[in-house]
Structure formats: structure tokens, C-alpha cells
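K.L.:
Would you mind keeping the following structure in view while I ask a few things?
The values are calculated or read from the model by the stated rules, or taken from the named source; none is laboratory data. All of these numbers come straight from a predicted model, not from anything done at the bench. Reconstructed Cβ throughout: ideal geometry from the backbone, glycine too, with neighbour counts over all protein chains shown.
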Amino acid sequence: MGQLHELFLKIGPARFRLASTWHRPLEELESLYRDYPALPDQYVDFTVRLEPEKPWRRYIRPSVHISGDYWLPDAAPLPLAQGLLAAEMGMNLQMALGWRRHLLLHASSVEKDGKALLMTGLSGSGKSTLSAMLGEQGWRFMGDEFALLCPITGNIYPFPRLISLKNQAIAAMEDIAPADRFGPMMKATPKGDIRHLIPPIKALHAMEEPAKPALLLFPRFGYEPAVREMGKSEVFVRLTQASTNYVALGQASFEALTGFVDTVPTRAIDFDSGKQVIETIDTLWNEHL
Amino acid sequence: MTRRSVPSAQMLVDLLRDPSNHVPTDGAVWAGLISIARAEALIGTLAHRLINVDVPGQVKPVLEDAIVSAKLARRQALWEAGCARRALANYDGKVILMKGTAYVAAGLEAGSGRSIGDLDIMVARNDLGEVEEMLLDAGWEWVKPDPYDDQYYREYMHELPPLIHRERDRMIDVHHTTLPLTAGPTPDAQAMLDDAVQLDSGLYIMSPEDMICHCAAHLMADGDLAGGLRNLWDMHCLLSHFTSEDPGMWEKLEKRAEQHQLTQAVRRSAWHAHDLYGTKVPSLWQRSEFWSGAFKKRLLARDEYGGEIRKMTRQAFYVRSHWLRMPPVMLTKHLWTKWRKGGAGPR
């Protein structure tokens, strides 16, 4: 494809090279990742490629095909206006399929006093929004998408990429986070409306600092408020499903996950308002420490 | 002013060939090499080649990851082979492991760090029905729901339609020879079965000559050279290992290749292994041919991001792969059927 535009990014322990036919998505990324540590030596773990789906699609109704070191055969292309989303999806894909240094849990996480609160669940459960809200209220934001469980120490490492706000979560966060931390509004993407939020600066400065997992929640948005206990076997099975590299890590991931389930208290929480659920989380947090 | 060196598939080849003398010290070059190695399924092999080489600290975690992945690939491949062995415990004939699984089962250098996808085995053609029945009983299922594809495999191919295990999600390809029945050369499958070597597990691997012949057939006489650099690396390792173990190997190989009608494929593979990876071959084998440049261009068709380049060359080799596989009339019929079903063409 010839020479592409390049950008190098570091998010938590992972280093990326983004290579794009168009300058624009990288320009947007560069601006939103301005407070992240630089990667001057250009050593990376993964390359993400953003290229036209067909050669003429570089100029005519430009559409971005996401690929890279790891790729999915049937990934749908996105319009160039959503190039930023394409880049984020490309980086997530590299992590989901290629990361081997930690057990990857599809979970958000925040930290207080060196201890981590993890939230996992299906998309739409509210885990991402909750982590963003807690990140504005005294907690250290660690990540809204992946929590990295170290198989050796059992600690959680942050992956504080841009927070990907969807639909109603956008307005909710616009009320509490400063305007200069938001990216462009992307309407009607395949995932609904999306707007990226730069994590608080304190989260970026501490992106190498792990925390000991202390509480795991399975939130569910849109239900009558309730808190339920969960059996260890259910938690274990649901976490294997929430992990993208559980199988790829073999025995190491089995040991890490059984250790995690044995030591970390877990609750399922249903909620229908942000304010109320934060109180519930605070109560649970204080009960379990 | 020095120009920034652009990572290429050639640089990856040089690094594999002679690791200690080609270690880059520039992060951007490594970024490209890693992408190319991943695209060519050679990252595990590269990591193994660099185990005792001084590489920049920033690259080490990537290489360590690749070693972990390769270790798991090896374990899973051997596990799958064991599952097939148990499923076929009551089968009297020989079950021969092929390609990656055979290399790791035999502890060959070609297996070090190698990625392994499907389990490939070979049995006698007359026993295919019995073997398929046993595998279906043990939980494998047909993948190809299309009756045309299914029939095509059964009539013209060198293997059964692929089967996938319903619980472990792993594929098995059951071969009865090494090239499609419609291809030009007809390898002597019976001779391969007769000379197979038994492992402690009770499974078999091919004799050294046959293993090399099969590798060459797979690389040069079948398919469009996708994954060619990896298959050529297999060839390099097999040739280096077996010819250093047995000085008479070249002569035996020459004879065996002729018996399998694979002389051209074996010579061509050996020449390219020699050309790219520095395999020691006798002077008689060191002759290039008119097409060598085209093959080399295709083998090295990656850009510095690991992307595919040289679309025309790739397309030409794709067409060649069909040409090799089928006589013209049959090819026309096949493409017509596939086109009506909406799905012929590379990738």
C-alpha cells in the first residue's frame, strides 16, 4: 500500500503502532492521546492498519478497513468520519486476540487505596459508564474495557484507553466532566452514538501502577435496584466467558482465575439510576474492606 | 544522510537465516519485522531463533509472548493427535501425522516455535470410510454443509472434507495422499504408508524422504504460496536436519522425488530454501530457473506493516494454484459453479 501515516501510542503496558492511509484519524487520536506518555523509541507490541476497503475507497465515499497484526476475517468497514472509532476497535482487537502477558478480563476497573473494584457484564450493563463516573468522584480510573489480571501476582493492571461513551452515557458524563476532555461526537455508528472521553490526568500518570483486586461487581442497568450474592462456580464460568485469552493462556489462566474467584468477593447489582448505584457501590466497598 | 531502513520480508528472512548478524537496533524496524513475522506465521519461529541472541530489551516481551503461544500450540497439537489416536484405537492401519504436528511429535527443529492449526493425518485410501466413521463417533462433525463442496472433496481431493470437533472446536484433515487427485503429479501414497516410521505413541510419521517430498508438494505443487515463507522454513529445517544426519540423503531424496513425480517441486523448494535461508544443497541442486524470480517475489510480498503487496503477482499465483489442481475443462466447470454460488476469488 506504500507509505502510511504513523502514530505510536502507549496505553498501560501495551504499545501500538497505528498506520493509516489517511492523516485524519491519526490527527484526532493524537489530540485525544496528547497527555499519554510518548513512545519515542517506536518499539511496539502491535500494529493496527487503517486502509481503504478497496483502492478507490480512499477518495470516493472513503471507508476504513480495520486490520493489523491480528484481524478478523469479517470485520465490517467504517466510514472515514468514524476513523477514530476504527482505530480504537483495531487496538482492542490486538489486545483481545494477541495479548499474552495478562489474563484479559472484559471488565472496567477503578482503584482506591491500592485496591481495585472491577465491574463486568454484557455490553449495555453500564460497567463502562460506572467506571467513568467513579473516575470523576475520587477513584482512580483504570480502564473501561479491559482489566489485566497478572497470573503471577494476582494484581490488576490498568489499560486506561480513551473512555468510549455510548448513547445516554454521553450526556450523563457531559454533566460531570470538563468539555476539553471530550472527542468528536460520532452519530449512528454500528455501536450507536459514540463520544470518547479522555480519562482524568491522574489515571494517565498512574497507568503503570497495579492494584490488588478487592471487589467484583456484575452491574445490570435498567432493572429494579437489587443486590445478589453469586456462587463461585457461576462467577468462574462467567469470567471465563468475559476473557478473550482464557484458552490461549492455558494452565496459567486457570490458576489465576481460580485464585481470583477464591479471594475476591462478588455481587450482582441491578440499578436504574446512576446516583443510587454509586451509593450502593460505596456501601458494598466499605463492607468488604 | 542515512536513509531510514525500511523493514521488509527480506529482512525477516535474513534474521531467521543468521540471527546474530542481522539484529536491528531501531524500534520502527522491529515494529515492521514483528508485523511481517506475524502475518507469515513465523513469529514463534523467530522468537526461538533469537532465544540466545542479544536483542533490545523492548522487543523481549513480544518474543516471550510468542514462545508462550508456540508452547501452547505444541501442547494442543499433541493433545489433538492423542485424541485422534484414541478415536482410532480400533483401526488396524497406520495413522500418519503430517506437517506441524509430525514435526513436534518427532522433536524436529522445524517444529520449534511453529504455529500449528489443524491436525493433518494420512491413512490408506481404502480405509477412509472406516476412519471417518470412527471420527464421527468420537465427536467430529462435517464443516462443509454445501453438497457441491462435499462431493468435490470426496471425488477429486487428497483429503476428506474437513471435520471439526464439536467440543474442542479443532479441525482434522484426513488425507489419503499428498496432492489432489486431479493434479499433474501422482505421488505414490502406498509407498509413503509402507515406509512410515512408528513413534512411541503408536502413531506414525513419514520417512525423512517422504516428509521432505510432502513439504515440497505442499509448498510448490499445491496452493498459491500463501504461508510460503513458513513452509519454506520447514523445508530448510527438514533438509538441513536429514542431510546432515545421513550423507546419502540427497541421492535417496532424488530417487524418492522421482517415484512421487515430485522432482520439480522438491528441486524448486530446495533451491528457494538455499537462496533465502542458506540451506546447504549440492551444486547440482543450485540451479535457478526462469520462474525463480517470480516465486521469490511472491514469497516476499509483504510491506513494512505486514500488509499484502504485489497484487498482480499474488493473483497470478492464485490462478496457477487452480491450474495445477485441475485440468482446464474441469477448472471452468468448477469456477462456473462457484461463481453462481457467489464466492470464487482470492480471500
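K.L.:
Output the residues belonging to region A:1-40 that are hydrophobic (A, V, I, L, M, F, W, C) and part of a loop (DSSP other than H, G, I, E, B). Before you say what the answer is, go through the steps one by one.
P.N.:
To start, the set of residues in region A:1-40 that are hydrophobic (A, V, I, L, M, F, W, C) comprises A:1, A:4, A:7-9, A:11, A:14, A:16, A:18-19, A:22, A:26, A:29, A:32, A:38-39.
Correct list: A:Met1, A:Leu4, A:Trp22, A:Ala38, A:Leu39.
K.L.:
What pairs come out if I take residues in region A:69-80 that are part of a strand (DSSP E or B) and pair them with residues that are polar (S, T, N, Q) whose C-beta lies under 7 Å away, six or more apart or interchain?
P.N.:
Partner pairs satisfying both residue conditions: A:Leu78/A:Ser63; A:Pro79/A:Ser63.
K.L.:
Return only the number of the condition from (1) within 14 Å of chain A (Cβ to nearest Cβ); (2) within 30 Å of B:His165 (Cα to Cα); (3) surrounded by fewer than 22 Cβ atoms within 10 Å (Cβ to Cβ); (4) in contact with a Lys or Arg (Cβ under 8 Å, 6 or more places away or on another chain) that B:Cys83 does not satisfy.
P.N.:
(1)
K.L.:
Follow-up. Every residue in region A:1-30 that is facing chain B (nearest Cβ under 8 Å) and modelled with pLDDT under 95, please.
P.N.:
A:Met1, A:Gly2, A:Leu4
K.L.:
Hey, any hits in region A:87-102 for a residue that's buried (at least 17 other Cβ atoms within 10 Å of the Cβ), more than 26 Å from A:Met119 (Cβ to Cβ) and touching a Pro at 6+ places or on another chain (Cβ under 9 Å)?
P.N.:
No - not one qualifying residue is present in region A:87-102.
K.L.:
Out of everything in region B:5-22 that is of a type in the set (A, V, I, L, M, F, W, C) and under 20 Å from B:Tyr277 (Cβ atoms), what residue ends up being surrounded by the most Cβ atoms within 10 Å (Cβ to Cβ)?
P.N.:
So, considering only residues that are of a type in the set (A, V, I, L, M, F, W, C) and under 20 Å from B:Tyr277 (Cβ atoms), the one surrounded by the most Cβ atoms within 10 Å (Cβ to Cβ) is B:Leu12.
K.L.:
While we're looking at this one, here's another question. Within the group A:Ala206, A:Ala226, A:Ala171, A:Ala214, which residue is without any contact (Cβ under 8 Å) to a residue 40 or more places away in the chain and surrounded by fewer than 22 Cβ atoms within 10 Å (Cβ to Cβ)? Walk me through it before giving the result.
P.N.:
Values: A:Ala206 fails: without any contact (Cβ under 8 Å) to a residue 40 or more places away in the chain; A:Ala226 fails: without any contact (Cβ under 8 Å) to a residue 40 or more places away in the chain; A:Ala214 fails: without any contact (Cβ under 8 Å) to a residue 40 or more places away in the chain.
Going through A:Ala206, A:Ala226, A:Ala171, A:Ala214 in turn, just one is without any contact (Cβ under 8 Å) to a residue 40 or more places away in the chain and surrounded by fewer than 22 Cβ atoms within 10 Å (Cβ to Cβ): A:Ala171.
K.L.:
Can you tell me which residue is surrounded by the most Cβ atoms within 10 Å (Cβ to Cβ) among those in region A:229-276 that are within 14 Å of chain B (Cβ to nearest Cβ) and among the aliphatic types (A, V, I, L, M)?
P.N.:
Checked region A:229-276; the qualifying residue surrounded by the most Cβ atoms within 10 Å (Cβ to Cβ) is A:Leu249.
K.L.:
Follow-up question, since we're still on this one. Please report, ordered by residue number, the helices (runs of 4 or more DSSP H) entirely within region B:43-120 with at least 1 residues that are under 19 Å from B:Ser207 (Cα atoms). Spell out how you get there, then give the answer.
P.N.:
Numbers: elements: B:43-49, B:60-87, B:99-105.
Counting at least 1 such residues, we get B:60-87, B:99-105.
K.L.:
Of all residues in region B:282-314, which are more than 14 Å from chain A (Cβ to nearest Cβ) and in a helix (DSSP H, G or I)?
P.N.:
Just the residues of region B:282-314 that are more than 14 Å from chain A (Cβ to nearest Cβ), to begin with: B:282-300, B:313.
Those that are more than 14 Å from chain A (Cβ to nearest Cβ) and in a helix (DSSP H, G or I): B:Ser283, B:Leu284, B:Trp285, B:Ser292, B:Gly293, B:Ala294, B:Phe295, B:Lys296, B:Lys297, B:Arg298, B:Leu299, B:Thr313.
K.L.:
Quick one: in region A:31-61, which of the residues that are without any contact (Cβ under 8 Å) to a residue 40 or more places away in the chain and among the hydrophobic types (A, V, I, L, M, F, W, C) is nearest to the other protein chains (Cβ to nearest Cβ)?
P.N.:
Checking each candidate, the answer is A:Val44.
Matching residues to (1) among the basic types (Lys, Arg); (2) out of contact with any Pro (no Cβ under 7 Å at 6 or more places or on another chain); (3) surrounded by fewer than 18 Cβ atoms within 10 Å (Cβ to Cβ):
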{"position": "B:Ala191", "(1), (2), (3)": "no, yes, yes"}
{"position": "B:Leu199", "(1), (2), (3)": "no, yes, yes"}
{"position": "B:Pro208", "(1), (2), (3)": "no, yes, no"}
{"position": "B:His218", "(1), (2), (3)": "no, yes, no"}
{"position": "B:Leu232", "(1), (2), (3)": "no, yes, no"}
{"position": "B:His236", "(1), (2), (3)": "no, yes, no"}
{"position": "B:Thr243", "(1), (2), (3)": "no, yes, no"}
{"position": "B:Gly248", "(1), (2), (3)": "no, yes, yes"}
{"position": "B:Lys252", "(1), (2), (3)": "yes, yes, yes"}
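K.L.:
Still on this model: Quick check on this structure: which one of B:Thr2, B:Thr25 is surrounded by fewer than 22 Cβ atoms within 10 Å (Cβ to Cβ), more than 14 Å from chain A (Cβ to nearest Cβ) and either at pLDDT 95 or above or over 20 Å from A:Arg49 (Cβ atoms) (or both)? I'd like the intermediate steps shown before the answer.
P.N.:
On the way: B:Thr25 fails: more than 14 Å from chain A (Cβ to nearest Cβ).
None of the others qualify; the one that does is B:Thr2.
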